Amino acid sequence: MHIYSLRLKDYRNYSELKLTFDPNINIFLGANAQGKTNIVEAVYYASLGRSHRTHTDTDLIRWDCPQAFVQLRFTRLGVENSLDFQFSRDKRRKIFLNEHPIRPKELVGSLNTVLFSPEDLFLIKGAPALRRRFLDGEISQASPAYYHELSKYGKIITQRNNLLKKIRERKAGVDMLELWDVQLVESAVKITQKRLEAVKKLNMLANLMQRRISGNLENLSIAYEIHGAAGDNVTSDLVSWYNKELASHRELDILRGSTGRGPHLDDIILTVNGINLRSFGSQGQQRTGVLSLKLAELEFLRSETGEYPVLLLDDVMSELDASRRSQLLDFIRRERIQTMITATDQAYFPTERMGTYYQVEAGRITR
């Protein structure tokens, strides 16, 4: 998969930009707040339909303009494609795939990317929601059906929680929960099974990466933790387990007004040589673990889709030590992965020139 051109109009600090990418490595250099991350953001947005920096699309529009435009041209499995996005301050965004309008849920899976940003360094020691988001984003790009199921599950949880609050306030009957519980269990089982399959493959790939980066000194293990299972083996009959748990926690759910069981509360546990990485891993081990996860994500998507996704490295070179930077760049060059890197200093890269360099200053880009 390769992106060969990007066009921005009134997007962030770019009034007009037309850019052709190197099929291998693209390095964007410049001081902070010049527009480097805006390039990465636009590509990432085209992949998942959301920014990694804001939840509001109007933030993407140049401050003094009524609308913005993003256009990408890329190849997927040798076939040329185009994605166009139109943003407006007073209208809903419009998305076009090969000049045909599509809904946001039809976008995921069209263009695959893996983003590595400084925030990802908190992936291991951060809240479980970060790890669920990482896993869901990875699976969704490989399986649009999973993305649709995840969206469906979110709506079920919202409706069930609203009903729980009404029951607590004596505005609805308890018997009304049965309808939502049947739907919740069906959707929860599909999501959990897909996550378990992905984690099994990710565990193998991430451990290979960890051993390579650590010089065969560390083994990284990734396990999926079902909230409330307490280490019990429940995967053989998830339907029965979810039904039992929902029934036994019904009164507590009503009291809290929220659903206390389901994949929206699950987590991923990472260990290195048997030690919990989140609780006891050193900062160096945690950063190596995150890097291994990101490289494993690349391999996972290649195995699922048939080609590497585009790798986006947003200002992480300064966060990695020289050894980890070298391991990362060697992997990218060896596998010939199209990569877009933002950095403030060319000293983070080898003395021999690699790929294409761009200088970014105040919304202007020169090679």
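The values are calculated or read from the model by the stated rules, or taken from the named source; none is laboratory data. Worth saying up front: this structure is predicted, and the values here are computed from it rather than measured. Methodologically, a virtual Cβ is constructed for each residue, glycine included, from the backbone with ideal geometry; neighbour enumeration extends over all protein chains shown. Ligands, DNA and RNA are excluded from the accessible area calculation, which covers all protein heavy atoms including side chains. Shrake-Rupley method; radii C 1.70, N 1.55, O 1.52, S 1.80 Å.
If you put +1 on each Lys and Arg Cβ and -1 on each Asp and Glu Cβ, how big is the dipole of the stretch 29-107 around its Cα centre, in Debye rounded to 20? List each step's numbers first, then the result.
Working: 13 positive and 9 negative charges, 36 e Å.
Using Cβ point charges on Lys, Arg, Asp and Glu, the stretch 29-107 gives about 180 debye.
Taking θ = phi - 60°, what integer Hz values does the Karplus form 6.51 cos²θ - 1.76 cosθ + 1.60 yield along the stretch 12-24, in sequence order, with x for Gly and Pro?
6, 9, 9, 6, 7, 9, 10, 10, 10, 9, 5, x, 10
Could you grab the relative contact order for the chain? Cα pairs under 8 Å, six or more apart, rounded to a whole percent. All intermediate terms of the calculation are to be shown ahead of the outcome.
Details: 611 pairs, mean separation 94.9, N = 367.
About 26 percent, as a whole number.
Would you tell me the accessible area of Glu16, worked out with a 1.4 angstrom probe on the heavy atoms of the protein chains, in Å² to the nearest 10?
Its heavy atoms expose roughly 80 Å² to the probe.
Would you mind getting the Kirkwood hydrodynamic radius of the stretch 321-367 from its Cα pairs, rounded to one decimal in Å?
Numbers: mean 1/r = 0.0828 Å⁻¹.
Kirkwood hydrodynamic radius for the stretch 321-367: 12.1 Å.
May I ask you to evaluate 6.51 cos²θ - 1.76 cosθ + 1.60, the Karplus curve with θ = phi - 60°, for each residue of the stretch 352-358 and list the ³J(HN,Hα) values in order in whole Hz, giving x for glycine and proline?
6, 5, 10, x, 10, 9, 10
Set Lys and Arg Cβ to +1 and Asp and Glu Cβ to -1, take the dipole of the chain about its Cα centre, and tell me which of Ile95, Phe21, Ile275 lies farthest positive.
Ile95
Using Cα positions and a limit of under 29 Å, work out the lysines in reach of Lys200, with same-chain residues fewer than 8 apart set aside.
Lys105, Lys125, Lys152, Lys155, Lys190, Lys244, Lys294
Could you tell me what a quarter of the Cα convex hull surface of the stretch 206-255 works out to, in nm² with one decimal place? Mind dumping the intermediate values first?
Details: hull surface 21.5 nm².
Seen from a random direction, the Cα hull of the stretch 206-255 projects 5.4 nm² on average.
When only C-alpha pairs under 8 Å and at least 6 residues apart count, what is the relative contact order of the stretch 298-360, in percent?
Working: 46 pairs, mean separation 22.5, N = 63.
Dividing the mean separation by the residue count of the stretch 298-360 yields 36 percent.
Shape of the stretch 107-170 from its Cα gyration tensor (a ≥ b ≥ c, root eigenvalues): rounded if a/c is under 1.5, otherwise prolate when a/b > b/c, or oblate? Before the final figure, lay out each step's value.
On the way: a/c = 4.31, a/b = 1.59, b/c = 2.71.
Oblate is the answer for the stretch 107-170, as a/c is 1.5 or above yet b/c matches or exceeds a/b.
Would you work out the charge dipole size for the stretch 1-156 about its Cα centre, treating the Cβ of every Lys and Arg as +1 and the Cβ of every Asp and Glu as -1, and quote it to the nearest 20 debye? Kindly include the intermediate steps, with their values, before the conclusion.
On the way: 23 positive and 17 negative charges, 79 e Å.
For this selection, approximately 380 debye.
Ranked highest first by average number of other Cβ atoms within 10 Å, how do 22-29, 295-302 line up?
Numbers: 22-29: 19.9, 295-302: 22.4.
Result, highest mean Cβ count within 10 Å first: 295-302, 22-29.
Non-local amide H neighbours of Ile61 (under 5 Å, H modeled in plane, Pro and chain starts lacking H): which ones?
Hits under the 5 Å cutoff: Arg12.
With θ set to phi - 60° and the Karplus curve 6.51 cos²θ - 1.76 cosθ + 1.60, what are the ³J(HN,Hα) couplings of the stretch 166-180 in order, to the nearest whole Hz, using x for Gly and Pro?
Result, ordered by residue: 5, 5, 4, 8, 6, 9, 7, x, 4, 4, 5, 5, 4, 4, 6 Hz.
For Ala172, enumerate residues with amide H under 5 Å from its amide H, sequence gap 5+ or separate chain, H modeled in the peptide plane.
Ile167
Tell me, what does the Kirkwood hydrodynamic radius of the stretch 43-175 come to in angstroms if you use every pair of distinct C-alpha atoms?
On the way: mean 1/r = 0.0574 Å⁻¹.
Value: 17.4 Å, from the Cα pair sum.
Over the chain, with a Gaussian network built from C-alpha contacts below 10 Å, which listed residue (Gly262, Gly228, Gly137) shows the highest mean-square fluctuation?
Result for the chain, Cα springs under 10 Å: Gly228 fluctuates most.
Please list the equivalent ellipsoid semi-axes of the chain, computed as the square roots of five times the alpha-carbon gyration tensor eigenvalues, in descending order and whole angstrom.
Values: eigenvalues 280, 149, 61 Å².
Taking √(5λ) for each eigenvalue gives 37, 27, 17 Å, largest first.
How big is the stretch 208-289 on each of its three principal axes, counting only the C-alpha atoms and giving the largest first in Å?
Dimensions of the stretch 208-289 along the principal axes of its Cα atoms: 51, 27, 15 Å.
If I take every Cα pair under 8 Å that is 6 or more residues apart in the stretch 220-367, average their sequence separation and divide by the length, what percent do I get for the relative contact order? Could you put the intermediate results ahead of the total?
Values: 116 pairs, mean separation 26.4, N = 148.
It rounds to 18 percent for the stretch 220-367.
Using the 2.2 N^0.38 Å rule of thumb for compact globular proteins, work out how the stretch 154-306 stacks up: its C-alpha Rg over that value, please.
Numbers: Rg = 19.1 Å, N = 153, 2.2 N^0.38 = 14.9 Å.
Here the answer is 1.28, to two decimals.
First check a/c for the stretch 6-46, with a ≥ b ≥ c the square roots of the eigenvalues of its C-alpha gyration tensor; if it is under 1.5, answer rounded, and if not, answer prolate when a/b is larger than b/c or oblate otherwise.
Working: a/c = 1.58, a/b = 1.14, b/c = 1.39.
It is oblate, given that a/c is not under 1.5 and a/b is not larger than b/c.
Looking only at His52, His249, His148, which one moves most when the chain is put into a Gaussian network model with springs between Cα atoms under 10 Å?
Per the Cα network of the chain with a 10 Å cutoff, His249 tops the list.
Could you work out which residue, out of Asp267, Asp253, Asp90, moves most in a Gaussian network model of the chain, that is, has the largest mean-square fluctuation with Cα springs under 10 Å?
Per the Cα network of the chain with a 10 Å cutoff, Asp90 tops the list.
Hey, got the dipole for the chain? About the Cα centre, +1 on K and R Cβ, -1 on D and E Cβ, debye to the nearest 20?
Working: 52 positive and 45 negative charges, 115 e Å.
Roughly 560 debye, rounded to the nearest 20.
How big, in percent, is the set of alpha carbon pairs in the stretch 231-367 lying more than 25 Å apart? It would help to have the intermediate numbers written out before the result.
Details: 4956 of 9316 pairs.
Percent of Cα pairs beyond 25 Å in the stretch 231-367: 53.
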